[in-house]
Amino acid sequence: MKYFIITFGCQMNKSDSERIAFLLERIGYKKTPNEREADLIVINMCSVRQSAVDRVYGLAKKFTQIKNQKSKVKTLLTGCISKKDFLRFQKFFDYVLPIKTLKIWPEILKKKGGYYLSNQREKEFLEKFKCDYLKIKPKHEKNFSAFVPISSGCDNFCSYCVVPYTRGSLICRPHEEILEEIRDALKNGAKEIWLLGQNVNDYHSNSKLKSQKSKVINFAKLLKMVNDVPGNFWLRFTSPHPKNFSEKLIETMAKCEKFTPYLNLPLQSGDDEVLKRMRRNYTAKEYKNLVKKIRRVFKKIRKSIYKKGFPEGFALEDTISISTDIIVGFCGETKKQFQNTLKLFKEIKFDMAYIAQYSPRPGTLAEKFEDDVPKDEKERRWKLLQKILQKFALSFNKKFLGKKILVLAEEFKDGFLIGKSRHHKSVKFEGKENLVGNFVLVKIERAFPWGLKGKLIEK
């Protein structure tokens, strides 16, 4: 039997798909690169935006045609699924299952079909499944880069976000379990570790170690523990919430030498009234001050660590790259309120941003609001921010011109290697395919808004 997985959405979904792959292979399935050869087609869906849901709907129709040609093929839908979408997709898929039920999939797959609609936040469901599926080992798509979930779910209830409903309450993994998974990944060749969570810096776990003065392990302590794991690797995390950034966490990030100088810090809006309607629990001024503090502390501590100068390949190590997430055209966002976002965007000078046009999500508080910003106005605001972002991104990337930087080579295409720098910048350079999965030194010769191009330094 063969399986084929299609994954939409965030790193957490990608990590979940790696666990799905491991489980399927454990019960006898083999991976196929061709969906038409598969006996089981799995779609791991995302519900953050309507466009992602629409793509799944398009594929569902396509797979119905495949099933008509190959009657024995089964289709399974999992991931972030709202109640509304569950009812919509039930007629297209043989199985619609929450990812938290993964450990019982072997039994369900023996049946002709299976549908499991449950309130992800209800006590009975949480007590039965918790986030035990994360104990299933992942089959990493790339051995050199490992996604390691440290928690599942979210309790923030931002008014536009469906995640608290599709992922359930925040549940944190024991830190011992996380560290064990990281050590296993490093043994298998990992050069980059991503700590994942819908609200990653709200992590907390109880310690059983007598050596720990405090019995509670928060995110700052976990970050330090991961940094202390032996090995030559980079450490990153996503996705944090601004309200959970303590001074201790900022200091720990700067002091952990394996933590790379890159942070995605979602803003969503630069207007206080919009932020209030979004239920973000911070003001534009508080966010701006947080960014200033992170940049200041990071520069001060990294300079003190490398008093004799940065090691080769660590150019601009004291300058943290900050990207963000923005939603334009949220319910009731006036032109003046958008101008406040535009103003803050210019003041902070993000060197990367992920800008989305608002679309209502079923079951959220904002679904009850009027989606009153016209589509063409959302498009106009999106283009304005993209234009400004392009300018700041290019300005930041030009700082690397002439400098030698370390790059983790991720893929080989048409004679070129493409990888990521410590600042999470895409870098393209000529090289051999056998360098994929390795750290290499590259001298940057050209800068573009969305990436860098350089020359491999042979060693």
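Descriptive notes on the structure:
- Sole exception among (1) over 30 Å from residue 156 (Cα atoms); (2) surrounded by 15 or more Cβ atoms within 10 Å (Cβ to Cβ); (3) among the aromatic types (Phe, Trp, Tyr) for residue 369, by number: (1)
- Leading residue by the ranking (farthest from residue 234 (Cα to Cα)) among those in segment 262-298 that are basic (Lys, Arg) and more than 25 Å from the chain's Cα centre (by Cα): 285
- Residue among 458, 445 that is exposed (fewer than 15 other Cβ atoms within 10 Å of the Cβ) and in a loop (DSSP other than H, G, I, E, B): 458
- Odd one out for residue 106 among (1) more than 22 Å from residue 171 (Cβ to Cβ); (2) free of Cβ contacts under 8 Å to residues at least 24 places away in the same chain: (2)
- Number of residues in segment 406-456 that are closer than 18 Å to residue 319 by Cα, out of contact with any Pro (no Cβ under 8 Å at 6 or more places or on another chain) and among the basic types (Lys, Arg) equals 2.
- Any helices (runs of 4 or more DSSP H) falling wholly within segment 204-286 and containing at least 3 residues that are in the same structural domain as residue 175 (by TED's automatic domain parsing), hydroxyl-bearing (Ser, Thr, Tyr) and touching an Asp or Glu at 6+ places or on another chain (Cβ under 8 Å): none
- Selection over segment 59-79 of residues that are closer than 15 Å to residue 39 by Cβ, outside any loop (DSSP other than H, G, I, E, B) and of a type outside the set (Ser, Thr, Tyr) gives a count of 6.
- Filtering segment 371-415 to residues that are part of a helix (DSSP H, G or I), out of contact with any Lys or Arg (no Cβ under 8 Å at 6 or more places or on another chain) and aliphatic (A, V, I, L, M) leaves 384, 385, 389, 393, 394.
Listed here are the residues, each with its yes/no results for (1) in contact with a helix residue (DSSP H, G or I) (Cβ under 8 Å, 6 or more places away or on another chain); (2) at pLDDT 90 or above.
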residue	(1), (2)
85	yes, no
88	yes, no
93	yes, yes
97	yes, yes
101	yes, yes
106	yes, yes
112	no, no
116	yes, no
127	no, no
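- Segment 211-257, subset farther than 22 Å from residue 304 by Cβ and among the hydroxyl-bearing types (Ser, Thr, Tyr), residue farthest from the chain's Cα centre (by Cα): 211
- Residue under evaluation residue 423, criteria (1) outside any strand (DSSP E or B); (2) in contact with a Lys or Arg (Cβ under 9 Å, 6 or more places away or on another chain); (3) over 25 Å from residue 160 (Cα atoms), criterion not met: (2)
- Here residue 8 meets each of (1) of a type outside the set (D, E, K, R); (2) surrounded by 17 or more Cβ atoms within 10 Å (Cβ to Cβ); (3) closer than 16 Å to residue 105 by Cα with one exception, condition (3).
- Count of residues meeting criterion [surrounded by fewer than 22 Cβ atoms within 10 Å (Cβ to Cβ) and either assigned to a loop (DSSP other than H, G, I, E, B) or more than 19 Å from the chain's Cα centre (by Cα) (or both)] in segment 162-172: 2
The values are calculated or read from the model by the stated rules, or taken from the named source; none is laboratory data. Source: prediction; values computed, not measured. Cβ: placed from backbone, ideal geometry, glycine included. Neighbour counts: every protein chain shown.
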